[in-house]
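Every number in this text was worked out from the coordinates using simple rules, so none of it is lab data. It should be emphasised that the depicted structure is a prediction, and the values quoted were computed from it without experimental measurement. Ideal geometry is used to build each Cβ from the backbone, glycine not excepted, and the neighbour counts take in all protein chains shown.
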Protein chains: 2
Amino acid sequence: MTALHARISGELADRIRSGEWPPGQRIPFEHELTAQYGCARATASKAVQALADAGLVERRRRAGTFVASPRIQTAVLEIPELKTEVRRRGQVYDYQQLARRVRPVNPLDPDEASLARSGDVVELRCRHFANERPLAVEDRLIHLGVAPAAATADFTTVPPGAWLLAHVAWSEAEHRIAAAAADADVAAALEVPTGTACLVLKRWTWREGKGVTFVRQRFAGEAFELVARFAPRSFDQGGHEGRPTPGMRSK
Amino acid sequence: MTALHARISGELADRIRSGEWPPGQRIPFEHELTAQYGCARATASKAVQALADAGLVERRRRAGTFVASPRIQTAVLEIPELKTEVRRRGQVYDYQQLARRVRPVNPLDPDEASLARSGDVVELRCRHFANERPLAVEDRLIHLGVAPAAATADFTTVPPGAWLLAHVAWSEAEHRIAAAAADADVAAALEVPTGTACLVLKRWTWREGKGVTFVRQRFAGEAFELVARFAPRSFDQGGHEGRPTPGMRSK
DNA sequence: TGAGTTATTATGTCTAGACATAATAGGTGT
DNA sequence: ACACCTATTATGTCTAGACATAATAACTCA
């Protein structure tokens, strides 16, 4: 049994997605929906509010509710922890720590300065493997002022991403995605020719405004893609295909 | 005046984000919140449900509501229409159509086959400029079976992305992001050396399950980044910084 | 002991009201 | 024309209940 409010949302969403109600079109008032579906206003309101939360409609007091204009494509990228993701894809995951040291923050590096301007960090370089083949090279900094336990953690067996997920609570993050040519070191680690185009994923993570970790992962060439499938802003009610959105995909 | 349900959501979210309530911790029952805030259960329920929608907590019947484990980083990427984005950044936008033709779909190309297996498409190649410098090369297919008006549209002055936004209603899309070396043609169009690492953004757009358009945009090297800033799954209540998330950023 | 039944609990859904608020339309008077 | 006031309207928020449902805990009986 689908709930009534979900049915109303779904039927409205279908008419919007089909183009029957184009952007700018007014959709029925709440009191019209209550008459149409024989429900209380709270139920109709909940249905319409769900569409508003999804960005499908805009609500204006006194005027009504209108189909929104899809100006920007907002795609929800799920950026997974690599160990989890490789296993989810049924591949053999392996991991190797290449280097580890503790040093002060270098505030002259803009990537580092965004994390913190002072204090000590653990600096790691490691490799992730999928089915015995190098998948990514990871450079990571963990700020010891925020996560002091990282100083004694053993990153030769546990990838830092997995370790942090288990040791740090909810946080904010910023991701940047770019492309860059592999330098000699990275190319060797990925077992590709120097100069190969790499996908570069950088992520800064904060907790209560203080930088916890910075990570840069480089994936070889076109062997990897970030994937984001979405309904406008993920409104997954109306019986549309519901396959889980993979964040990454090998070719 | 903030609404009471928003205040409750915010106060709960703060305790979760601060780590005071770690993942797995049970948060107060709805009936405890009604007592604590002196409100009806519907109000407490709305507050907690908002956190659940944001992915911050999980609700289990009979057991209660628990702080969720942040397994995957879900980042909301806003992938803007280029003309709008360049102007938003205060730069001069320019656009040039390089080639245009109408031809049948080639079902042997996997990118095209994902769009449609038969019918005619408009094939376009064009360039986007920001401040007189090439920003991206765009290859686009528009399926004439779904958007017949594209056959007669003038894409020498209007970029196809902007045209489609104005002519096509809400739709679903899939994005893929990868890195690739620029071939000779693309390198020339971007005015960079052949082999330069490029960020490749591919997007398929469907409407009611039928492919509308496929676009591949290539950005030169590290000149461009996709940016996604987020609270866990975008719960923006509790007085955190609210700067609009830019989807792209030039260096 | 173990399997099946029953009671309990917290969330999920819904109703029929109420008052608040933002925005507009219409009228009034200068 | 213009500024000002006054309904009117749809959404925003909230209450005090009600019954449904899933999951578990407690109990009963073979």
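In table form, for the structure just shown:
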item	result
Förster radius 41 Å - calculated FRET efficiency between A:N106 and A:T84, Cβ distance, rounded to 0.05	0.85
Chymotrypsin sites (Phe, Trp or Tyr not before Pro) restricted to region A:22-99 and DSSP loop, no more than 15 other C-beta within 10 Å	A:F29
Qualifying trypsin sites (Lys or Arg not before Pro) for region B:1-70 [loop in DSSP, other Cβ within 10 Å: at most 12]	B:R61, B:R62
Long-range HN-HN contacts of A:V121 with modeled amide H, under 5 Å	A:R103, A:V105, A:L144
Ellipticity estimate at 222 nm from DSSP helix runs (n ≥ 4, -39,500 (n - 2.57)) divided over chain A, nearest 500	-7000 deg cm²/dmol
All-pairs Cα distance distribution in the protein assembly as shown, expressed in whole percent, bin size 10 Å	4, 17, 26, 26, 18, 8, 1
Members of A:K46/B:K83; A:K202/B:K83; B:K46/B:K83; A:K83/B:K83; A:K202/B:K46; A:K83/B:K210 lying beyond 32 Å, as alpha-carbon distances in this model show	A:K46/B:K83; B:K46/B:K83; A:K83/B:K83; A:K202/B:K46; A:K83/B:K210
Alpha-carbon centroid distance for the pair region A:47-94 / region A:1-45, whole angstrom	20
Cβ-based charge dipole, region B:82-226, positive-most Cα from B:L226, B:C198, B:V92	B:V92
Shielding by partners - mean other protein chain Cβ count within 10 Å, residues of A:181-188	1
Cα-based helix-to-principal-axis angle, A:4-17 vs chain A, degrees rounded to 10	80
Cβ-placed point charges (K, R +1; D, E -1), dipole of chain A about Cα centre in debye, nearest 20	620
Those chymotrypsin sites (Phe, Trp or Tyr not before Pro) in region B:104-174 that DSSP places in a loop and that have at most 14 other beta carbons within 10 Å	none
Nearest-20 debye value, region B:56-132 charge dipole, Cβ charges on Lys, Arg, Asp, Glu	540
Percentage relative contact order, chain B, counting C-alpha pairs under 8 Å, at least six apart	18
